[in-house]
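One structure is given here, and the rest of the page talks about it.
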Amino acid sequence: MEDLIGTRRLREATERLAHALTVVPSALEVARNNASAEVADCIFCIVNIDERDVPLCAVFTVGHVPLEDVGRHELLAKEMVFRLKRRPRHVLSFQSRYPASGQWGGAVRGKRFIRAFSCFSEKLNEAVSIFHAVLSEDMTLEEAKSAANISQNEYFFRAAEDFREPTYKR
């Protein structure tokens, strides 16, 4: 029976992850349309929060990140999500950033996942991560605004002026 439960949990966790991946282009598009910075290709890292669930960590290259940059940005994205995972009271990796040690903001905690983008500036990584959480139904727009207030993320607030929370029928 335990194997069936484990298989079911793996399937459910994988389905949630697949849904989260479908909105990555939309999160990047929000940033591309509203940020004053160039939004290009990036590394995306996502981990699930619930330890009772099947532990998942997935890292994706979105677009064409130069090969010489992939390793560095993958390590940065993983460091952000796992540092945030170790701090359950924090919403943003910004809250424990320590630039002298290469620890940056950019990751955000939703209800089910912690995610981070890497390749942009610290604040733009964070803004895209926050929009991803909203678009994947892992955070409400009000929760996103509250999170962005912590770091005073101007990219997020500029983009949020015209942003409307999605309404999905699943």
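The values are calculated or read from the model by the stated rules, or taken from the named source; none is laboratory data. Model, not experiment: these values are computed from the prediction. Every residue, glycine among them, receives a Cβ derived from its backbone with ideal geometry; neighbour counts consider all protein chains shown.
Quick check on my filter: what residues within segment 74-91 are aliphatic (A, V, I, L, M) and either farther than 11 Å from Val47 by Cβ or surrounded by fewer than 20 Cβ atoms within 10 Å (Cβ to Cβ) (or both)?
If the condition is that a residue be aliphatic (A, V, I, L, M) and either farther than 11 Å from Val47 by Cβ or surrounded by fewer than 20 Cβ atoms within 10 Å (Cβ to Cβ) (or both), then Leu75, Leu76, Val91 are the ones that fit.
Tell me which residues, restricted to segment 124-151, are among the hydroxyl-bearing types (Ser, Thr, Tyr) and under 18 Å from Val47 (Cβ atoms).
Matches in segment 124-151: Ser129, Ser136.
Checking the structure you have, find out if any residue of segment 138-148 is in a loop (DSSP other than H, G, I, E, B), in contact (Cβ under 8 Å) with a residue 40 or more places away in the chain and either surrounded by fewer than 23 Cβ atoms within 10 Å (Cβ to Cβ) or touching a strand residue (DSSP E or B) at 6+ places or on another chain (Cβ under 7 Å) (or both).
yes
Is it true that Arg115 is in contact (Cβ under 8 Å) with a residue 24 or more places away in the chain, farther than 23 Å from Gly63 by Cβ, under 10 Å from the mean Cα position of the chain (by Cα) and buried (at least 22 other Cβ atoms within 10 Å of the Cβ)?
no
Go over the candidates Phe163, Phe60 one by one and state the one that is of a type in the set (Phe, Trp, Tyr), surrounded by fewer than 19 Cβ atoms within 10 Å (Cβ to Cβ), within 14 Å of the chain's Cα centre (by Cα) and at pLDDT below 95.
Answer to the selection: Phe60.
Could you tell me whether any residue of segment 18-29 is exposed (fewer than 13 other Cβ atoms within 10 Å of the Cβ), at pLDDT below 90 and of a type in the set (Asp, Glu)?
no
Hey, can you tell me all the residues within segment 81-120 that are among the aliphatic types (A, V, I, L, M) and in contact with a Lys or Arg (Cβ under 9 Å, 6 or more places away or on another chain)?
Val81, Leu84, Val91, Leu92, Ala107, Val108, Ile114, Ala116
Do you know which residues across segment 121-137 are crowded, with 24+ Cβ neighbours inside 10 Å and in a loop (DSSP other than H, G, I, E, B)?
Ser136
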